[in-house]
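A.B. asks: Once you've had a glance at the structure underneath, I'll fire off some questions.
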Amino acid sequence: MIRLENIQRRYRSDEVETTALNDVNLEVAAGEFVAIMGPSGCGKSTLLNTLGAVDRPTAGRYWFDGRDLAALDEKELARFRGQTLGFVFQSFNLIDDLTIEENVALGLAYRGEARDRRARIAAAMDKVGIAHRARHFPFQLSGGQQQRAAIARAIVGEPKLILADEPTGNLDTENGQQVMSILSGLNQEGATVVMVTHSPSHADFARRRIDMLDGRIVASAARAI
Amino acid sequence: MNRFALIALYRSLTRHKLYSALNIGGLAVGIAVFLVLGLYVRFETSFETWLPHHDQIYQVTSSLHLPDGTFSGDYPGTMAGLLEELQQDFPGVTGARLRGGQNGGTVLRDGGAVAEDVAQVDPNFVTLFDLPMVQGEGRRALADPTSVLISRSIARKYFGTSDPIGQTLTVAMEAPVAYRVAGVFEDIPANSDLRFSILTPLPKTKPWPLEWMWNRWGTAPLITWLRFPTLAEARAFERKMPAYIDRRAVNDMGPHASKFFALKLAPITQMHLQPTGSESAGTKLTIIALGVVGVLTLLIAIVNYVSLATARTGLRAREVAMRKVVGADRATLIRQFLGEAMLTVALSALLGLILAELGLPLANAAGGLSLAIPYAVVVPALAALVVLIGVAAGFYPALLLSRFQPAAVLASARGPGGGRAGSRLREGLAVLQFGLAIAFIIGTMVLFAQTQHNRKTDLGFRREGLMVVSSLAETRIYPALARSLLDAFGRMPGVISVGVAGVAAGSNGNTSVESVDPSRRAGVAPTFGVTMGAIQVGHDFFRTYSPRLLAGRVFDDAHGADDSTEWWKEHRTRNIVINRLAVKALGFRSPADAVGKVIGGAMPRTIIGVVDQLRFFPPRIADAPTYYQYTRDPPPYPIATIRFSGDPRAILEEVRKTWRQIAPEVPLRADTGDHKLEEFYEADDHAARLFSIGAVLAVAIACVGLWGLASFNTARRVKEIGIRKTLGASSQDIVLLLVGQFLRPVLIANLIAWPAAYFAARQWLAGFSDRIELSPFYFLGASLIAIAIAVATVVGHAIRASRAAPAWALRHE
């Protein structure tokens, strides 16, 4: 499904150049659950952003289902994200001025699909156990509920790939476990999940673990089931 | 405010330069507009307040209310002998009269004549008005029929630096009289409608042009003022007038004249704002409109300040939290932020004063004014304004900022922006701003459309190629001299015809009014006479103006009965021409139906023709049913109109040459017809220009506000934009989202703007007899302009925000 070849990502500020990703090669097959681990600043989130096509690599090739994403313009990339990917962030990134239901609906807003909208939104909220909070605003919910809402938004469009950037980073143990169970369940239903995490126990939910250091992948190991 | 607060303010202003420029600059422009328009309103409302006892002087106005309403209204003058009659019935009444005024007479010198603002007044005029004297003693002077009082400027003009007292000045109204200068009074200031620079005593013998009407009720040839110590006494006296009129006017107006005629007392200070007669209520409405523009522009600027200040509160949340942590209480913080607001407003006020001083020449040129900033008044007023605006604009942001909970703010990754309530307030303020801005745009469009309409509307005659010689009406141009002049004009090269009548293009609209009895028509029972304008015309009047002939014919010397020269022989049936409105007023079915009919009861008149309306008068004077009556000799107070081809300057030069040869002792007053008509439009043009300057600046300030708001809101929504882009939104989606968000207040603003502008415009247009339709185009057009301006204002932000890479936007806090 995903093939990264020699991906590099460098940031240049006034005085220094930072290499966030250095010669990264990675393949992810459909239906996999991959956990990316490593210390802060090792490039995990940059890799995830690159996989999510919200950041363009400085060099290297990125194929998704055999399609070279470098060939896509901004508009095509936006359509690609909307139709193919679901994002879950550490800080939830719900829009404060929209209700939970509206936030979830946002996951469909840019897909141009009007079919069964209401039913799909309701089903997504139901799946993560947040339906009873549909009319609330994000600030009225606990962190765990907000993250579940963010997951509902990510899955409402039935994406091929779910990208989760430290989805339990802002949650307590109990809520963290709940979120991981949901992600694991989604994977078992067939969704491909790539997750960045600091937690070894949460990484254990994944079938494969990738370790990063200084912008490089230093280890990749499948978990024995 | 302590030192650190001042330092923080200074650094905040200098660090956020653009925000500071928008906030201070916007408010400064608002203050400048408010100042300039405030000065204008102050000037316009200060008329005659320079008189020491202005609160005790009342102008007697004649108020006519006839059943058909055409000529109903208040007239500024009174019957000439009214004061004497009043003093017979009410011995204690003090008053004075004035006859003449602007270009009221001439000064003869070295064989030439110069038109001056000459007026004849009662001897006690000077004491009644407490006219400030420079030299001499006014009251005693005018008791002597050979004495004259002159203004400081006239003294300088005719006597230079030598002492004018005792010198001779020959002044002519009816006939030249050599007066001895007995005193010099201060020049009449600009904020006065009293137009005189030479005062001579009203002669003991009634001047001949007024002799027959001196005690004739219903005439109004001069101005009468009365003085009462209090308003209550004036009103009490006014209440006695109906009985007095019924008693005194019975001969001229019949019994119960007070039912349709009244004498009112208008405080002299109100005469400029509520002028009587042709000026109608236009002046007052214009002043109110411009005053409102000034106040609302300032309001828009204050709204900007509040809007931007509350928007920025989030940026200072941490500062507030830290101040609270180190011990500042809420009151201290409110004081600090109010102090900041006042300092910022003071800075704006200073800049506003500078802008007003720089912009005043422009406003003076646009408005035909000569305003100057009276610093002694403006500086204290501005100081009060600073406190007022400072509190008004600073209070809400101060309250909002001081309310932040330090723990929550310091723990949060994100600065508060006032929450939903804050953004609703900002949106509400934007609605208010754009509501006013759209109303101003509509107002400007309507004003310009009407002023253009005034210029282009069909007057019933061709405006170009006319030369109006109004000095033919001077009393010293006796009939034989007038005939010589008219003949000489007719012989000038380029002249097509020379018409003469009591009116001409650009006349002020004071025509004779007659109640014409339509009873000479079969089958119509007479009720009340039809009030009609009566215009006496002489030779070639209709040929010169060429009105559309609707039926019958116009006057012709071949028909003896057309000539009404001996009009006092009332038994003779006279031929008249009527206008289109008279056809309706007299109850005829059509112009053709009117021709040949006799009207007028005891004064029979045969209608020989019907012409379309000739609109000589100011645009605020309603078209009236009128009849024209012909005299072979020039009518009384004739005005000559020359129809010519070629260069107007050449014709004017010819007229000047001819006049100098035949009537050198009378100053010539001549101008082209289109110039004279242009004078009617000047006041409205000036008002329209001032209004549009105010409106453009108000819209500009509103845009500055919207721009600032867009800048702030877009910055606050960077992360949201990132989320949306991550979820698949394209740049185009983001631009549409942001622009749509800013358009919402502009669209809602129409709900305020349209009705407000509609009622204001309808009220203003009601003053014009020939007015434009209030078409929806103005409303839609103004809204489209506002939308275009709003889109242009925010689209830059929207595009920039939409281009941000989502990964960067998501990291943005």
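A.B. asks: Per-residue counts of other Cβ atoms within 10 Å, averaged by peptide: what ranking do you get for B:692-698, A:11-17, highest first?
C.D. replies: Numbers: B:692-698: 22.1, A:11-17: 7.6.
Output ranking for B:692-698, A:11-17: B:692-698, A:11-17.
A.B. asks: Just want to confirm a number: the relative contact order over chain A, from Cα pairs under 8 angstrom separated by 6+ residues, in percent. Numbers along the way, then the final one.
C.D. replies: Values: 447 pairs, mean separation 65.9, N = 225.
Result for chain A is 29 percent.
A.B. asks: Further question: Mind checking the mean number of beta-carbon atoms from other chains within 10 Å of the Cβ atoms in A:50-58? Kindly include the intermediate steps, with their values, before the conclusion.
C.D. replies: Working: counts 1, 0, 4, 3, 9, 5, 2, 0, 0.
The shielding value for this peptide is 3.
A.B. asks: Could you put B:PHE228, B:PHE337 in order, starting from the residue whose Cβ has the fewest other Cβ atoms within 10 Å?
C.D. replies: Values: B:PHE228 21, B:PHE337 26.
Lowest to highest Cβ neighbour count: B:PHE228, B:PHE337.
A.B. asks: Once you average over the residues of B:727-740, how many Cβ atoms of partner chains fall within 10 Å of each Cβ? It would help to have the intermediate numbers written out before the result.
C.D. replies: Working: counts 18, 17, 7, 10, 3, 3, 5, 1, 0, 0, 1, 0, 0, 0.
Partner-chain Cβ atoms within 10 Å, mean over residues of B:727-740: 5.
A.B. asks: Then there is this: Measure nothing fancy, just the Cα-based angle from helix B:3-15's long axis to the longest principal axis of chain B, in degrees from 0 to 90, nearest 10.
C.D. replies: The helix B:3-15 is inclined about 80 degrees to chain B.
A.B. asks: Just tell me which aspartates and glutamates come within less than 15 Å, Cα to Cα, of B:LYS657; anything on the same chain fewer than 8 places away is out.
C.D. replies: B:ASP487, B:GLU665, B:ASP671
A.B. asks: Still on this structure, I have one more. Could you give the length gained by full extension between B:THR49 and B:THR457, i.e. 0.36 nm per residue of separation minus their alpha carbon distance, to one decimal place? Before the final figure, lay out the partial values.
C.D. replies: Numbers: separation 408, 0.36 × 408 = 146.88 nm, distance 3.85 nm.
Once the chain is fully extended between B:THR49 and B:THR457, it gains 143.0 nm.
A.B. asks: Between B:ARG574 and residues 5 or more places away or on another chain, which pairs have amide H atoms under 5 Å apart, with H built 1.01 Å from N, and which residues are they?
C.D. replies: Amide H to amide H, under 5 Å and 5 or more residues apart or across chains, B:ARG574 pairs with B:ARG605, B:THR606.
A.B. asks: Which cross-chain or sequence-distant (5 or more) residues have an amide H under 5 Å from the amide H of A:THR192, H modelled 1.01 Å from N in plane?
C.D. replies: Residues meeting the criterion, in which the H sits 1.01 Å from N, are A:GLY31, A:ILE162.
A.B. asks: Where in the range B:635-669 is the amide nitrogen less than 17 Å from a point lying 7 Å along the Cα-to-Cβ axis of B:ARG216?
C.D. replies: B:635-638
A.B. asks: Still on this structure, I have one more. Calculate the length of the line joining the C-alpha centroid of the range B:97-128 to that of the range B:174-224, in whole Å.
C.D. replies: The distance from the Cα centre of the range B:97-128 to that of the range B:174-224 comes to 6 Å.
A.B. asks: Find the Cα radius of gyration of the protein assembly as shown, compare it with 2.2 N^0.38 Å by division, and give the number to two decimals.
C.D. replies: Normalised Cα radius of gyration, the protein assembly as shown: 1.36.
A.B. asks: Also: Roughly how crowded by other chains is peptide A:73-82, in terms of the mean Cβ count from those chains within 10 Å of each of its Cβ atoms?
C.D. replies: Numbers: counts 1, 7, 4, 1, 4, 12, 3, 1, 7, 8.
Averaged over the peptide's residues, the number is 5.
A.B. asks: When 1/r is averaged over all different Cα pairs and the result inverted, which Kirkwood radius in Å belongs to the range A:37-117?
C.D. replies: Computed over the range A:37-117, the radius equals 14.7 Å.
A.B. asks: Related question: What's the extension gain from B:ALA805 to B:PHE448 if we count 0.36 nm per residue and subtract their Cα-Cα distance?
C.D. replies: On the way: separation 357, 0.36 × 357 = 128.52 nm, distance 4.82 nm.
Gain in length upon complete extension: 123.7 nm.
A.B. asks: Right, next: With θ taken as phi - 60° and the coefficients 6.51, -1.76 and 1.60, list the Karplus ³J(HN,Hα) couplings across the range B:146-154 in order, rounded to whole Hz; mark glycine and proline as x.
C.D. replies: Running phi through 6.51 cos²θ - 1.76 cosθ + 1.60 with θ = phi - 60° gives 9, 9, 9, 10, 10, 7, 4, 5, 5 Hz.
A.B. asks: Where the centroid of each part is defined by its Cα atoms, how far is the range B:608-672 from the range B:719-763 in Å?
C.D. replies: The range B:608-672 and the range B:719-763 have Cα centres separated by 58 Å.
A.B. asks: Still on this structure, please answer the following. Would you mind counting up the charge near A:VAL128? Only other residues with Cβ under 12 Å from its Cβ, with Lys and Arg at +1 and Asp and Glu at -1.
C.D. replies: Working: positive: A:LYS127, A:ARG133, A:ARG148, A:ARG153; negative: A:ASP126.
Counting the neighbours of A:VAL128, the net charge comes to +3.
A.B. asks: Per 0.36 nm of contour for each residue apart, how much would the distance between B:ARG235 and B:THR14 grow if the chain were fully extended, relative to their Cα-Cα spacing? It would help to have the intermediate numbers written out before the result.
C.D. replies: On the way: separation 221, 0.36 × 221 = 79.56 nm, distance 6.14 nm.
Here the segment from B:ARG235 to B:THR14 would lengthen by 73.4 nm.
A.B. asks: Turning to a different aspect of this structure: Enumerate the amide H contacts of B:GLY77 below 5 Å, restricted to partners 5 or more residues apart or on another chain; note that Pro and chain-start residues carry no placed amide H.
C.D. replies: The answer is B:SER62.
A.B. asks: Along the range B:232-240, what does the Karplus equation 6.51 cos²θ - 1.76 cosθ + 1.60 (θ = phi - 60°) give for ³J(HN,Hα), rounded to whole Hz, x for Gly and Pro?
C.D. replies: Per-residue couplings from phi come out as 4, 5, 4, 5, 4, 5, 4, 5, 7 Hz.
A.B. asks: Pairs to check: B:LYS157/B:LYS264; A:LYS127/B:LYS725; B:LYS17/B:LYS719. Give those whose C-alpha atoms are more than 32 Å from each other in this structure.
C.D. replies: Violating the 32 Å limit, Cα to Cα: B:LYS157/B:LYS264.
A.B. asks: Just check the range A:112-179 against the gyration tensor rule for me: Cα atoms, a ≥ b ≥ c as the square roots of the eigenvalues, rounded for a/c under 1.5, and otherwise prolate or oblate depending on whether a/b exceeds b/c. Provide the component values of the computation, followed by the final result.
C.D. replies: Details: a/c = 2.35, a/b = 1.42, b/c = 1.66.
Verdict is oblate for the range A:112-179.
A.B. asks: Exposure proxy check: B:TYR158, B:TYR478, B:TYR545 ranked by fewest other beta carbons within 10 Å?
C.D. replies: Details: B:TYR158 18, B:TYR478 10, B:TYR545 24.
In increasing order of surrounding Cβ atoms, one gets B:TYR478, B:TYR158, B:TYR545.
A.B. asks: What is the packing order of peptides B:426-434, B:352-360, B:83-91, taking the mean over residues of other C-beta atoms within 10 Å and listing the highest first?
C.D. replies: Details: B:426-434: 22.7, B:352-360: 18.8, B:83-91: 14.1.
Per-residue mean Cβ counts within 10 Å order the peptides as B:426-434, B:352-360, B:83-91.
A.B. asks: Trypsin sites (Lys or Arg not before Pro) within the range A:128-225: which are DSSP loop residues with at most 12 other Cβ atoms inside 10 Å?
C.D. replies: On the way: sites: A:ARG133, A:ARG135, A:ARG148, A:ARG153, A:LYS160, A:ARG207, A:ARG208, A:ARG209, A:ARG216, A:ARG223; in loops: A:ARG135, A:LYS160, A:ARG207, A:ARG223.
Counting only loop positions with at most 12 other Cβ atoms within 10 Å, the trypsin sites (Lys or Arg not before Pro) in the range A:128-225 are A:ARG135.
A.B. asks: Between 0 and 90 degrees, rounded to the nearest ten: what's the tilt of helix B:419-456 against the longest Cα principal axis of chain B?
C.D. replies: So the inclination is approximately 20 degrees.
A.B. asks: Can you tell me which of B:784-794, A:36-46 comes out highest on packing, and rank the rest after it, using the mean Cβ neighbours within 10 Å? The partial results should precede the final answer.
C.D. replies: Details: B:784-794: 18.3, A:36-46: 19.9.
Peptide ranking by packing, descending: A:36-46, B:784-794.
A.B. asks: Give the shape of the range B:466-645 as rounded, prolate or oblate, defined through the alpha-carbon gyration tensor: a ≥ b ≥ c are the square roots of its eigenvalues, a/c under 1.5 means rounded, and otherwise the shape is prolate if a/b is larger than b/c and oblate if not. Write out the running numbers ahead of the final one.
C.D. replies: Numbers: a/c = 1.84, a/b = 1.66, b/c = 1.11.
Verdict is prolate for the range B:466-645.
A.B. asks: Separation of the range A:120-178 and the range B:469-483 by C-alpha centroid, Å?
C.D. replies: 98 Å
A.B. asks: Here's another thing I want to ask about it. Tell me, what HN-Hα J-couplings in whole Hz come from the Karplus equation 6.51 cos²θ - 1.76 cosθ + 1.60 at θ = phi - 60° for each residue of the range A:66-82, using x for Gly and Pro?
C.D. replies: Each residue of the range A:66-82 in turn: x, 9, 7, 6, 5, 7, 8, 7, 4, 5, 5, 5, 4, 5, 4, 4, x Hz.
A.B. asks: In what order do B:SER258, B:SER147 fall by count of nearby beta-carbon atoms within 10 Å, going from fewest to most? Please report the intermediate quantities before stating the final value.
C.D. replies: Values: B:SER258 17, B:SER147 20.
Neighbour counts put them in this order, fewest first: B:SER258, B:SER147.
A.B. asks: Considering the convex hull of the alpha carbon atoms of chain B, report its projected area averaged over all viewing directions, in nm², one decimal. Intermediate results must be reported in sequence, preceding the final value.
C.D. replies: Numbers: hull surface 175.2 nm².
Taking a quarter of the hull surface, the average projection is 43.8 nm².
A.B. asks: So, one more: What's the angle, to the nearest 10 degrees (0 to 90), between helix B:673-716's Cα axis and the longest principal axis of chain B?
C.D. replies: That works out to roughly 10 degrees.
Where a number appears in this text, it was derived from the coordinates with a stated rule and is not lab data. These numbers were taken from a predicted model, which means no experiment stands behind them. Please note: Cβ atoms are built from the backbone with ideal geometry, for glycine as well, and neighbour counts cover all protein chains shown.
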